[in-house]
Amino acid sequence: MRAALVAPCALALAGCIATISAPRSEAHVEAMREATRHYHHGRIEEAVAAWEAAARTADRRVDRDEADYRRAQAYRRLGRADEALALFDDLGDRAPLSRRTVRARFDAALLRLARGEDARAHEALEWIVRERPGDGPASRALRLLLAARSAEAQLDLVRELYPLVGRSDLGDDLLMHEARLLRDAGDLDGAVIVFERVTLEHPYPHGQRWDDALFELADLAEARGDPERAIEYLRQMIAPHTLTVIPGSQTLPSFPRAALRIARVYRDALDDPERAEAAYRALIAEFPTSLLRDDALYEIGAMWLDRGAPQRGCPILREVVERFEVGRPRRLARRRLEADCQMSSSSGGS
């Protein structure tokens with residue numbers, strides 16, 4: 001059994017990321033503390049020396065890497081780019097991969113871009129995107145790679161990469177880039193197809209861009225004169241909150257924003273104030289802690305005033321002033337009350 005357990009780990013060793021536990025070297029720990037104190041007080045040269053001592057006294061690879069990475073960052077802050085770059089390169093080349101490998105290669109690429117060494121920088125960025133797409137710098141690395149290409153070349157790159165790394169955290173970024181490129185090129189049908197792929201292949205709660213894709217789809221639907229379809233996309237965004245309780249899920253800021261937009265589509269694009277009010281009130285009821293509740297209530301009152309129904313709008317605006325102590329909607333409600341509802345300036349605070 002022991003052999004069966006050890007063999008797979010031995011085979012995978014070249015790709016293993018070093019684990020983090022407590023450092024054992026007291027000298028290393030004290031040097032790290034000293035370096036941190038110096039750095040936080042602006043004594044960067046002293047911090048560099050202390051991090052060098054911390055790397056020298058470390059008895060584990062992971063601790064030496066961490067000390068060297070922080071020293072490289074300090075060199076960069078001091079403007080000593082050559083020393084920073086040499087240390088980032090050394091960290092990036094160490095084997096096996098560690099928790100600082102990808103970050104060091106990314107930081108080295110940033111320094112090279114700033115120095116005009118684009119070819120080597122792009123080589124490192126492409127390695128990150130292709131080999132470590134689930135790591136933190138991958139999304140920024142992708143954006144930097146795309147920024148250096150024409151729109152046509154960007155489209156070719158994202159389509160090439162998706163079959164290779166589309167199942168990683170970078171997958172929805174690639175599809176979003178593709179969809180926006182198609183949209184900007186005027187291929188709206190193609191953009192809709194790819195935005196919808198984001199929602200299907202990278203859905204809530206694990207997808208990071210599905211709500212952005214649904215907002216984009218709602219934009220396209222409205223622009224093409226289909227507000228009802230826009231509302232369908234926005235309701236799809238709210239569905240995880242209203243229809244299911246997923247363990248570990250949470251109310252995202254995009255949920256109440258989508259609910260507010262639904263109400264505005266009913267109000268403006270469909271000219272349906274009754275359904276608009278129902279949608280506004282659904283937001284207030286379903287998202288009781290949202291910062292958009294006062295916006296929703298104010299917009300109901302203002303909507304009825306704008307439609308010549310002060311008997312419906314004025315009580316709602318008074319409710320805004322009474323329920324909410326501060327905020328822009330409260331200030332706007334007071335102005336409308338004073339202008340259109342004969343509210344005396346002495347009623348309520350500012």
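The numbers here are math on the coordinates, done by the rules we state, and not lab data. Please read all numbers here as calculations on a predicted model, not as lab measurements. Neighbour counts run over all protein chains shown; Cβ positions are idealised from the backbone, glycine included.
Compactness check for the stretch 62-113: Cα Rg over 2.2 N^0.38 Å is 1.00. Tell me, how many Å apart are the Cα centres for the stretch 85-140 and for the stretch 44-82? That distance is 18 Å.
Projecting the Cα atoms of Ile231, Leu220, Ala185 onto the charge dipole of the stretch 116-263 (Cβ charges, centred on the Cα centre) puts Ile231 farthest toward the positive pole. What is the Cα centroid distance between the stretch 177-201 and the stretch 154-174, reported in whole angstrom? Taking the Cα centre of the stretch 154-174 as reference, the centre of the stretch 177-201 is 13 Å away.
Just need the Rg to Rh number for the chain, please, alpha carbons only, Kirkwood Rh.
Values: Rg = 27.6 Å, Rh = 24.8 Å.
Reported Rg/Rh, Kirkwood definition of Rh: 1.11.
Each Lys and Arg adds +1 at its Cβ and each Asp and Glu adds -1 at its Cβ; summed about the Cα centre, the chain shows a dipole of about 980 debye. On a per residue basis, the convex hull of the C-alpha atoms belonging to the stretch 105-150 measures out at 63 Å³.
Using only alpha carbon positions, build the gyration tensor of the stretch 115-249, then give the equivalent ellipsoid semi-axes as the square roots of 5 times its eigenvalues, largest first, whole angstrom. Could you put the intermediate results ahead of the total?
Numbers: eigenvalues 170, 76, 20 Å².
With the √(5λ) rule applied to the stretch 115-249, the semi-axes are 29, 19, 10 Å.
Measuring how big the stretch 185-309 is from its alpha-carbon positions, Rg and Dmax come out at 15.2, 47 Å.
Please work out whether the stretch 55-146 counts as rounded, prolate or oblate from its C-alpha gyration tensor, where a ≥ b ≥ c are the square roots of the eigenvalues and a/c under 1.5 means rounded, while otherwise a/b larger than b/c means prolate and anything else oblate?
Details: a/c = 2.33, a/b = 1.30, b/c = 1.79.
Here the stretch 55-146 falls in the oblate category.
Our estimate of slack between Ala147 and Asp271, defined as 0.36 nm per intervening residue step minus the Cα-Cα distance, is 40.5 nm. In the elastic network of the chain, a GNM with C-alpha springs shorter than 10 Å, the most mobile of His177, His28, His40 is His40. The convex hull of the Cα atoms of the stretch 131-172, projected and averaged over all directions, covers 2.7 nm².
For the chain, the mean residue ellipticity at 222 nm estimated from helices alone is -23000 deg cm²/dmol, where every DSSP H run of n ≥ 4 contributes -39500 (n - 2.57) and the total is divided by all residues, rounded to the nearest 500.
Among rounded, prolate and oblate, which fits the stretch 261-350 when a ≥ b ≥ c are the square roots of the eigenvalues of its C-alpha gyration tensor, a/c under 1.5 means rounded, and a/b larger than b/c means prolate? Kindly include the intermediate steps, with their values, before the conclusion.
On the way: a/c = 2.42, a/b = 1.30, b/c = 1.86.
It comes out oblate by the Cα gyration axes.
Each Cα pair under 8 Å and six or more residues apart adds its separation to the average, and for the chain the resulting relative contact order is 6 percent.
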